[in-house]
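Student: Provided herewith is a single structure, encoded as structure tokens, for subsequent inquiry.
The values are calculated or read from the model by the stated rules, or taken from the named source; none is laboratory data. Here the structure is a predicted model, which is why all the values come from computation and not from measurement. Cβ placement follows ideal geometry from the backbone for every residue including glycine, while neighbour counts extend to all protein chains displayed. These accessible areas exclude ligands, DNA and RNA; they are computed on the full protein's heavy atoms, side chains included. Shrake-Rupley method; radii C 1.70, N 1.55, O 1.52, S 1.80 Å.
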Amino acid sequence: MIKYCFLILVSLVVSGKLYAQEELTFEQAIMLGLENNYDIKIALQDKELTEIDKKIGLGALLPSVDATYGRTSSTEDVEQQFVNENQPRNIDNAKSTGENFNLNAIYGFRYDAVVAMKRLGKLSEIGELQAKVVIENTVAAISDAYYRLVLELERYEVLNETLELSQDRLDIAQAQYELGGASKTEFLAAQVDYNADLSQVVSQEQVIQNARINLNELMAMESNTEFLINDTIIVNDGLQLDALMSQAFDQNKMLLINQRQENVAYLQLKEIQAQRLPVLTLDGSYRQTVSNSDAGFLIQNKRKGYNFGATLGINIFSGFTLNRRIQRAKVEQEAQAYVMDQYEVQLRSDLHRAYNVYDNSKRRLEIERENYKVVEENTDIAFDRFKSGLTSYLEFRDAQVNRLEAESRLINAIFSIKVAEVELLRLAGGIYYNSNDDEVIN
């Protein structure tokens, strides 16, 4: 009885603690993860870098303009001897100044720069898709961690129900022993089974805390942050493999990344091949100069005007380097095509594996539901017979253990379906985004 009162006291303390906690729903967990998770933040920064690289590459298609301005000044003693004069001319402290302003513009059209711009555009798309992959993986991880916590909480409730039955059995065994209706062996056996069930409850509390820490880590929260989880696992039993397969080959982000990388390899080859084409360079400049001098024939000299020009150049020989680069680019293109084919095979296999788990778990769930009804009824009958003294404590304990195992298998079957469902949606590209045109973060 003392143990029973102790359990009531613990339950009241725990209930008061949970009541003070803020409830965390599945949707809130996902939102916190998307907002705080550092993997997502890093992925968004990497995406920003690819966009910046694309803008840097745009500079190759634009002209370069340079402006220079210079001014000189000098003071000198000058002695000048002219042909038509007998005596030299001396000028002390003769001053001279000069100003020079140049504006130059150069534009070189290279077809390989145009191809490079397209390649950088594909790399920017890859950066966006990679960010989406990280977000989808994070959403899947948070989903698994959240429902894992729900599973462990439900398992905790099951263990507590078993502990309550063990407490009732212990009270009955103690009363029967004190009244002389049962042996001390039966009382001690009830005590041992109660302690074993209590130990499982304590161990389950540790499992729950670790599950909370895992979820908090994914949400980038403090490890000791506690939320009240008041949720159940609801499964979607209507997923079809054919529909998922079709959706995956249209929206799976890793498949799209491999497609873009194959395009990048093709554009890389074209970019190198384009270096064999002629290069047209256009240049123009505006120049303005002013010179002033106290000595000499010219006191002042001014110049200003425009200059234009064009140059057409082509590479004739580069030590076969260009040929080897082209050969290497062709090999990379072929290798990327193999990578693409390999991922398609892997994607089909992953979908089939996940769907097999999903389908098998659904069948197990129906069996476990029916089995639990039978076990629950059998446990109630065994307990009533035990109270009436019509059955031994071993038979009752057997029925009690069977109920615990049946409940655990039922919960595990539900969780297994949910994990497989999350994995199928992730592989099909539908766990977070509705279409490929959605923004990275909504």
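Student: Hey, can you tell me all the residues within region 407-430 that are closer than 13 Å to residue 236 by Cα and under 16 Å from the mean Cα position of the chain (by Cα)?
Tutor: Result: 422, 423, 425.
Student: Here is a follow-up. List, please: which pairs have Cβ atoms under 7 Å, are six or more places apart or on different chains, and start with a residue in region 335-349 that is over 22 Å from residue 242 (Cβ atoms) and end with one that is hydrophobic (A, V, I, L, M, F, W, C)?
Tutor: Qualifying pairs under 7 Å: 336/265.
Student: Right, another one. Of the conditions (1) over 30 Å from residue 131 (Cα atoms); (2) part of a helix (DSSP H, G or I), residue 391 clears all except one; give me its number.
Tutor: So the condition that residue 391 fails would be (2).
Student: Can you tell me which residue among 174, 167 is in contact with an Asp or Glu (Cβ under 9 Å, 6 or more places away or on another chain) and either more than 20 Å from residue 32 (Cα to Cα) or of a type outside the set (Gly, Ala, Ser) (or both)?
Tutor: Result: 167 is the single residue among 174, 167 that is in contact with an Asp or Glu (Cβ under 9 Å, 6 or more places away or on another chain) and either more than 20 Å from residue 32 (Cα to Cα) or of a type outside the set (Gly, Ala, Ser) (or both).
Student: Among the numbered criteria (1) surrounded by 13 or more Cβ atoms within 10 Å (Cβ to Cβ); (2) over 18 Å from residue 155 (Cα atoms); (3) of a type in the set (A, V, I, L, M, F, W, C), which single criterion is violated by residue 419?
Tutor: With respect to (1) surrounded by 13 or more Cβ atoms within 10 Å (Cβ to Cβ); (2) over 18 Å from residue 155 (Cα atoms); (3) of a type in the set (A, V, I, L, M, F, W, C), residue 419 is out only on (2).
Student: Also, quick follow-up: Can you name the residue in region 24-66 that is of a type in the set (A, V, I, L, M) and open to solvent by 70 Å² or more (accessible area, probe 1.4 Å) and is also farthest from residue 145 (Cα to Cα) among such residues?
Tutor: Result: 65.
Student: Test residue 362 against the criterion of being in contact with a helix residue (DSSP H, G or I) (Cβ under 7 Å, 6 or more places away or on another chain), basic (Lys, Arg) and over 25 Å from residue 254 (Cβ atoms), and give yes or no.
Tutor: Considered against the rule, which asks whether it is in contact with a helix residue (DSSP H, G or I) (Cβ under 7 Å, 6 or more places away or on another chain), basic (Lys, Arg) and over 25 Å from residue 254 (Cβ atoms), residue 362 comes out as yes.
Student: Separate question: Return the residue satisfying two criteria in turn: it lies in region 289-319 and is hydrophobic (A, V, I, L, M, F, W, C) and assigned to a strand (DSSP E or B), and of such residues it is most open to solvent (accessible area, probe 1.4 Å).
Tutor: Within region 289-319, the match that is most open to solvent (accessible area, probe 1.4 Å) is 308.
Student: Also, I was wondering about something else. I'm trying to understand the selection: among the residues of region 21-67, which are over 22 Å from residue 118 (Cα atoms) and hydroxyl-bearing (Ser, Thr, Tyr)?
Tutor: Answer for region 21-67, where residues must be over 22 Å from residue 118 (Cα atoms) and hydroxyl-bearing (Ser, Thr, Tyr): 25, 38.
Student: Using the structure shown, decide if residue 437 is open to solvent by less than 50 Å² (accessible area, probe 1.4 Å) and either in a helix (DSSP H, G or I) or free of Cβ contacts under 8 Å to residues at least 24 places away in the same chain (or both).
Tutor: no
Student: Let me ask something additional. Before we move on, is residue 185 among the hydroxyl-bearing types (Ser, Thr, Tyr), modelled with pLDDT under 95, more than 30 Å from residue 121 (Cβ to Cβ) and part of a loop (DSSP other than H, G, I, E, B)?
Tutor: Judged against the criteria, residue 185 is not a match.
Student: With the requirement that a residue be within 11 Å of residue 146 (Cβ to Cβ) and open to solvent by less than 60 Å² (accessible area, probe 1.4 Å), what does region 198-215 give you?
Tutor: Across region 198-215, the qualifying residues are 211, 212, 215.
Student: Give the number of residues within region 320-359 that are surrounded by fewer than 16 Cβ atoms within 10 Å (Cβ to Cβ), among the polar types (S, T, N, Q) and at pLDDT below 95.
Tutor: The number of residues fulfilling the criteria is 3.
Student: Quick check: anything in region 107-116 surrounded by 11 or more Cβ atoms within 10 Å (Cβ to Cβ), under 28 Å from the mean Cα position of the chain (by Cα) and among the hydrophobic types (A, V, I, L, M, F, W, C)?
Tutor: Yes, region 107-116 has at least one match.
Student: If a residue has to be open to solvent by 20 Å² or more (accessible area, probe 1.4 Å) and out of contact with any strand residue (DSSP E or B) (no Cβ under 7 Å at 6 or more places or on another chain) to count, how many in region 265-288 make the cut?
Tutor: 9
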